[in-house]
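Written out below as C-alpha cells is the structure these notes cover.
The values are calculated or read from the model by the stated rules, or taken from the named source; none is laboratory data. Please read all numbers here as calculations on a predicted model, not as lab measurements. Note that we place each Cβ from the backbone using ideal geometry, even for glycine, and neighbour counts take in every protein chain shown.
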Amino acid sequence: MLNFKFIYMSRVGNKKISIPQEMTVEIVGREVKISGPKGEQSFAMPAGITAEAKEGKIKVSRAGDSKSLRSLHGTSARIIENMTLGLSQGFIKKLEYKGVGFTAGVADGKISMRLGYSHPVILPIPKSLNVSVVKNTIIVEGTDKSEVGAFAAKIRETRKPEVYKGKGIKYQGEFIKKKAGKAAQTTTGA
C-alpha cells in the first residue's frame, strides 16, 4: 500500500532559497522583507506558513498537512524566491509588434501605441516598472515578476496577434500558428 503523504509533498516548498550576499532579509511575524540593490519588497505569509532565515538561506515550512496548506507552501516559497531574483537581477518581458503603421512610444509615464485603431491606445505605466521601445520591440522591466507579467499581458491584450497575417502584439519568441485564408482553401480544394 502506498503512503500518499510523501507523494503530495511540495518539492518547491522544501527547497531552501539562497540569499545573495548583497541582500538583507528581515522576518517579523508572518511578514518577510527583502532589501537588495534594486529596492525593497515585502510579502505577508498566509496563515499556517512560516519562514526562517539562517546562514544565507530561507526555509519555508507549513504548520499542517492539509491540501490548502500544501498548495500555499510551494506558492509562498516561489514568491519569496522570485523576490530575491527580482531584487538582484530584475525581470524583463519583451513584446514585438507587427503591422502596417503600428508604432509605439513612451512619454510622461505613459506608453502610447498606434495599432490600427482610429485612436491611439494609451496605458499608464506603473511607477515600479521601466518601459522602453526599441525598433518594433516593447521592453518591460521591473523587480516584481507578477507586475511585469501583468503589465506585459495588458499591452498584448490591446491588440492580440491575429492568425492570418500575424499582425498584432506578441511576446518575443511566441509562436503564432497561422491559418490559410479563404482564398487559399478554395484554390486547393477545387
Query raised in the report: Out of the residues in the stretch 139-167 that are in a loop (DSSP other than H, G, I, E, B) and charged (D, E, K, R), which is nearest to LEU115 (Cα to Cα)?
Result: ARG159
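Can you report the number of residues in the stretch 117-126 which are part of a loop (DSSP other than H, G, I, E, B) and loosely packed, with under 12 Cβ neighbours inside 10 Å?
We begin by selecting, within the stretch 117-126, every residue part of a loop (DSSP other than H, G, I, E, B); these are 117-120, 125-126.
Next, from what is left, pick out any that are loosely packed, with under 12 Cβ neighbours inside 10 Å: 117-119.
Total satisfying the criteria: 3.
Across the stretch 19-46, which residue is surrounded by the most Cβ atoms within 10 Å (Cβ to Cβ) among those that are farther than 23 Å from SER88 by Cβ and at pLDDT below 90?
We begin by selecting, within the stretch 19-46, every residue farther than 23 Å from SER88 by Cβ; these are 29-30, 46.
So of that shortlist, the ones also at pLDDT below 90 come out as 29-30.
On the way: GLY29: 8, ARG30: 15.
Applying the filter and picking the extreme gives ARG30.
Considering only residues that are outside any strand (DSSP E or B) and surrounded by fewer than 16 Cβ atoms within 10 Å (Cβ to Cβ), look in the stretch 127-138 and name the one that is nearest to the chain's Cα centre (by Cα). Can you show your working first?
Of the stretch 127-138, the ones outside any strand (DSSP E or B) are 127-129, 135-136.
This time we only want the ones that are surrounded by fewer than 16 Cβ atoms within 10 Å (Cβ to Cβ), so: 127-128, 135-136.
Working: LYS127: 16, SER128: 14, LYS135: 23, ASN136: 21 Å.
Among residues in the stretch 127-138 that are outside any strand (DSSP E or B) and surrounded by fewer than 16 Cβ atoms within 10 Å (Cβ to Cβ), the one nearest to the chain's Cα centre (by Cα) is SER128.
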Query raised in the report: If we keep just the residues of the stretch 85-94 that are touching a Gly at 6+ places or on another chain (Cβ under 8 Å) and either assigned to a helix (DSSP H, G or I) or aromatic (Phe, Trp, Tyr) (or both), which is farthest from VAL148 (Cα to Cα)?
Result: SER88
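Going by what's in this entry, would GLU162 be described as out of contact with any Pro (no Cβ under 9 Å at 6 or more places or on another chain), at pLDDT 95 or above and charged (D, E, K, R)? Spell out how you get there, then give the answer.
Numbers: out of contact with any Pro (no Cβ under 9 Å at 6 or more places or on another chain): yes; at pLDDT 95 or above: no; charged (D, E, K, R): yes.
Taking the combined requirement at face value, the residue does not satisfy it.
For the stretch 27-84, how many residues are of a type in the set (A, V, I, L, M), in a loop (DSSP other than H, G, I, E, B) and under 18 Å from LYS15 (Cα atoms)? Steps first, answer last, please.
Going residue by residue through the stretch 27-84, those that are of a type in the set (A, V, I, L, M) are 27-28, 32, 34, 44-45, 47, 49, 51, 53, 58, 60, 63, 69, 72, 77, 79-80, 83.
Imposing the further condition that a residue be in a loop (DSSP other than H, G, I, E, B) reduces the set to 45, 47, 63.
Subset that is under 18 Å from LYS15 (Cα atoms): 45, 63.
Count: 2.
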